[in-house]
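Presented below is the structure to which this report refers.
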Amino acid sequence: MNKIAFIFPGQGAQYVGMAKDFYDAYPIVRETFEEASKILSFDFTRLILQGPESDLVLTKNSQPAIFIVSVALLRVIQQLYPHLQPAICAGLSLGEYTALYASGRLSFADALKIVAARGRYMQEACEEQPSTMRVVLGLEPEKVAANLPKDVWIANLNCPGQVVIAGKTAAMPEAEELLKVGGAKRVLPLDVSGAFHTPLMSSAQAKLKNSLLSVTLNESATKLVMNVPGDFVDNSSQIREHLIAQVASPTQWEKGIRLLEDVDLFIEIGPGKTLTGMNKKIGVKGQTLNIEKTTDLEQLEKIYATSPR
């Protein structure tokens, strides 16, 4: 494989027991869970593996939990297949912080602390104003935008035929009706607690800004595709600006993935198969593997065995 991209999932991918088979099989996973629990002074090992789900789905918990699991699986891959180095890293929303860690731009401790703070601030914003998200299927972004009422916005442009909207809970029934009349095939709820990537997150954005302005970002030869511009970004000050903007701005995932026409292999690392499914809908030329279970490593092993050293 000439060019490899590591991609990382965002909030909504969480479930109780994620990475349990990796936790049992690889010491590096147990060490990562323990390290994270120590840094945050909270038993994330227990929450990730045992739940309860009602606690795991809380924004303040699900964001660090997904980050911890994604990093743990990444570390297994790095340990088993050290020469499978990514040329490009990208992550959806929360996953952008995993991409920063994977590319060497952020330390594990710094990234984890910011992710935990981000989750707290976003949950606080959710509690300030009841809000929610929906996925709109079968309607072009322009038509989605034209059929949104006040207090509802486009939040994620993920892949063809799928647009995520977000806004005030009270405004969502009107949005659903307008979108269905406008031609949407389905409008489905997402398992999140607020209107992420919209102006309703402006208070979280303001709180997170200081943390992002003060954190150390390292230089890296690994390219980074970011959500807000849907483009490559390598300047540290611009990376900070986009991370700050991302909290209250729509993500351009499809646009960013379409830049990667010369990628031979995408490896989605973390819980769920959301990004793998999006790659299929986008129609990427390269192969996509999802590493969520230990059995998924078998496909990676085959590629590793035949790739040049």
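Bear in mind that the values in this text are calculations on the coordinates, not laboratory data. Computed from a predicted structure; not experimentally measured. In this analysis, Cβ positions are derived from the backbone assuming ideal geometry, glycine residues included, and neighbour counts consider all displayed protein chains.
So here's what we get for this one:
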{"read-out": "Cα gyration tensor, the chain - rounded (a/c under 1.5), prolate or oblate", "value": "prolate"}
{"read-out": "Relative contact order (%) - criterion: Cα under 8 Å, at least six apart; region: the stretch 170-286", "value": "23"}
{"read-out": "Neighbourhood charge, 11 Å Cβ-Cβ cut-off, centred on Ala170 and excluding it, Lys, Arg +1 and Asp, Glu -1", "value": "0"}
{"read-out": "Net charge of Cβ neighbours under 14 Å - reference Lys273; Lys, Arg +1; Asp, Glu -1", "value": "0"}
{"read-out": "Stretch gain in nm, segment His83-Glu301, where the contour uses 0.36 nm per residue and the Cα spacing is subtracted", "value": "77.3 nm"}
{"read-out": "Cut-off 13 Å between beta-carbons: net charge of the residues surrounding Met122, Lys and Arg +1, Asp and Glu -1", "value": "+1"}
{"read-out": "Hits among lysines - C-alpha to C-alpha of Lys280 under 24 Å, sequence gap 8 or more where chains match", "value": "Lys3, Lys143, Lys185, Lys223, Lys255, Lys293, Lys302"}
{"read-out": "The stretch 104-171 shape via C-alpha gyration tensor axes, a/c threshold 1.5", "value": "oblate"}
{"read-out": "Most to least packed among 268-274, 84-90 [average Cβ atoms within 10 Å]", "value": "268-274, 84-90"}
{"read-out": "Relative contact order (%) - the stretch 130-189, alpha-carbon pairs under 8 angstrom, separation at least six", "value": "47"}
